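Here is the structure we will look at.
Rule-based calculations on the coordinates, nothing more; no lab input. Just so it is clear, the model here is predicted, and its values are computed rather than measured. Note: ideal-geometry Cβ built from the backbone for every residue, glycine included; neighbour counts use all protein chains shown.
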Amino acid sequence: MKQRSYLALEGVTVEFPTKAGKFCALDHIDLNIEKGQFVALIGHSGCGKSTLLNAVAGLNKPTKGVIFLDGEVVDRPGPDRAVVFQDHSLLPWLTVEENVALAVSKTAQGKSKAEQKDWVMHNLELVQMTHAATKRPAEISGGMKQRVGIARAIAMQPRVLLMDEPFGALDALTRAALQDVVMELQARLNNTVMMITHDVDEAVLLADRVVMMTNGPAARIGEDLMVDLPRPRQRLSVIDLPAYGAARSGVIHFLHERYRNPAQAA
Amino acid sequence: MASLPETQITPAPVAAAAVILPYPETAIARRFFPPMPQATHPLLVKLQGFASTVLPTAFMLAFLLAFWSLACGPDSALPGPAKVWEESHEVILHPFKGVEFHGLVPDIQDGGDVGIGAHIMKSLARVLKGYALSAVIGVALGMLVGTNKYAFRALDPLFQVLRTVPPLAWLPISLAIFQQAGPSAIFLIFITAIWPIIMNTAVGVQNIPVQYRNVAKVLALNPAEYFLRIVLPACVPHMFTGLRIGVGMSWLAIVAAEMVQGGTGIGFFIWDSYNSSLLSDTIVALVWIGMVGFALDRIVGLIGRLIARS
Ligand SMILES: Nc1ncnc2c1ncn2[C@@H]1O[C@H](COP(=O)(O)OP(=O)(O)OP(=O)(O)O)[C@@H](O)[C@H]1O
Ligand SMILES: [Mg+2]
């Protein structure tokens, strides 16, 4: 038997029951991701990116096909596949610290209370949010909330970190700052990451590999591009490299030439 | 803004190096700022705020009293304000007749001849018991119906039918079950207040945002943790909406129940004053009922806000 990748999607098909019959969102997706690889998932709105990510998270079940993580079949959600949601999804009745602590309490079995607290604060420090530890989500800015969302996810020490358009709702400057945070974290922790984005630059800057999806319904993987940029990356030092420009133009050609936005094509 | 005139900088004569040049006039002029508007005294600001909230209510009350006096002349069947005072100032001034306070615990004299405050306290005690019961059971049932779709399908039609039954219609049934006035009044409160509590709690649970449920799934919270950390806090606002409607309805029901049953309580007081043709006493009782109902609503609302914040 051949060696499976760390995260392996084999023939994953997702269909949704609708009034007009079955709606096939994803059609036989095969995707192999190695440990420590940062994969960006890009495609036009409604093509099925979230559906794919949620399948890996276990939040929706594939109609056909199997997902393996480290040799085990994924069949339910779990803290080993932490998710950073687009709308941060912090619990508004808990403070920043308590939000992270809730996640830590579910993943740090065997650690003492003091150790857990240290771990919470350590992760808040990684995203520079210790100053707001006692604040409620409503009292901090959108960028800060997303930092906390990231802290909550990485504090769980997941085997795969899943991010669904984590910066989609942020302004350009905040977005850049958070991309820097993610780059820094990736340099330190070397997580296996699957991240959805709409932003070509974000994909190329952050990812080792950009997976491009065709337009739905029955979306497939259209192209799979390796981004050959050195790590650790720094925004200013990579954007002038030829490999950056090549990757960027590859993605743009895919999105705007081969698989144009269905809304525009119509 | 117009540009300011350039400062003339005269080069200092080399020979007279020790002479200190005067600071340029124009620069000095620039340092004077227009006077700040006089700050209002903080006490005055507070007073203004107070007046702007209280005065409209005060005007409304004055208008109401004036209208009432004009509409109910000396010969009308409904007494005007002056007549109410004349006939009922004993009731107004001695609400706690027949009540002894041991610290905060009131001890109400037996027999009918007690002040209106004592009747209110009797009614409140009943409401408290019935309402506490309906709050506990209502929230529990609401949670059940909100989380379990089979429980919802089984119980929701029943609730929808029963909640439209007016409180007084329960009275004969309640009397038949309990055979006694006291417990059946409490049952009446319970059965009146419970429906909005169930309904609103259930809606609160059903409307827990999908994001929170996804967080719970990703964290793999067990059912107990899911309930305590997500469901309960997420539906506090809806729950307290129900609890607030419930307390208002239970206060409505107690007055009705006591009117029919007699004995003690504010409902009995009204019935008694009506039978003795003391309409002005009834008017005093109405004011009391309104104030207490208002206070109950505010208290439950306040508790809800305190819990939501913690
Ligand atoms: N629960 C569902 N029931 C029916 N159809 C669904 C459901 N969830 C998603 N879909 C459909 O599946 C397709 C893919 O949806 P998905 O949310 O994965 O898109 P996406 O690529 O994440 O889009 P976006 O970039 O806008 O977030 C869409 O056409 C959507 O209408
Ligand atoms: Mg999406």
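Which lysines, on any chain, are close to B:LYS122 with Cα under 19 Å apart, when same-chain ones fewer than 8 places away are left out? Cα-Cα hits under 19 Å: B:LYS97.
Within chain A, which is the longest segment that contains none of the trypsin sites (Lys or Arg not before Pro) sitting in a DSSP loop with at most 10 other Cβ atoms within 10 Å? Provide the component values of the computation, followed by the final result.
Numbers: sites that count: A:LYS2, A:LYS19.
Answer - A:20-266.
In terms of distances greater than 23 angstrom between alpha carbons, the cross-link table entries B:LYS149/B:LYS217; A:LYS49/B:LYS149; A:LYS113/A:LYS145; A:LYS22/A:LYS64; A:LYS19/A:LYS61 yield A:LYS49/B:LYS149; A:LYS113/A:LYS145.
What average count of beta carbons from other chains do you get within 10 Å of the Cβ of residues in B:217-228? Numbers along the way, then the final one.
Details: counts 8, 19, 13, 8, 4, 1, 0, 0, 3, 0, 0, 0.
Mean shielding by partner chains, rounded to a whole number: 5.
Determine the shape class of the protein assembly as shown: with a ≥ b ≥ c the square roots of the Cα gyration tensor eigenvalues, call it rounded for a/c under 1.5, and otherwise prolate if a/b is greater than b/c, oblate otherwise. Here the protein assembly as shown falls in the oblate category. Taken over chain A, the ratio of Cα radius of gyration to 2.2 N^0.38 Å equals 1.01.
The angle between the Cα long axis of helix B:181-206 and the longest principal axis of the Cα atoms of chain B comes to about 40 degrees, rounded to the nearest 10. Rounded to the nearest 10 degrees, the inclination of helix B:266-275 to the longest alpha-carbon principal axis of chain B is 60 degrees.
Comparing B:ASP75, B:ASP113, B:ASP281 in a Gaussian network model of chain B, where Cα atoms under 10 Å apart are tied by springs, the biggest mean-square fluctuation is seen for B:ASP75.
Net charge around A:ILE42, counting only other residues with Cβ within less than 10 Å of its Cβ (Lys, Arg = +1; Asp, Glu = -1)? Provide the component values of the computation, followed by the final result.
On the way: positive: A:LYS49; negative: A:ASP199, A:GLU202, A:GLU223.
In short, -2.
Place a label point 7 angstrom from the Cα of A:LEU236 along the Cα-to-Cβ direction, then list the residues of the stretch A:183-216 whose backbone nitrogen is under 17 Å away. Zone members listed by number: A:184. Per residue, chain A reaches -10500 deg cm²/dmol at 222 nm when only DSSP H runs of four or more residues are counted, each adding -39500 (n - 2.57).
Decide, for chain B, between rounded, prolate and oblate: order the square roots of the alpha carbon gyration tensor eigenvalues as a ≥ b ≥ c, take rounded if a/c falls under 1.5, and otherwise choose prolate if a/b is larger than b/c, else oblate. Mind dumping the intermediate values first?
Details: a/c = 3.56, a/b = 1.61, b/c = 2.21.
Oblate shape, in that a/c is at least 1.5 and b/c is the bigger or equal ratio.
Using a cut-off of 11 Å between beta-carbons, work out the net charge of the residues near A:LEU241 (Lys and Arg +1, Asp and Glu -1, A:LEU241 not included). All intermediate terms of the calculation are to be shown ahead of the outcome.
Working: positive: A:ARG233, A:ARG248; negative: A:ASP228, A:ASP240.
Net charge in that neighbourhood comes out at 0.
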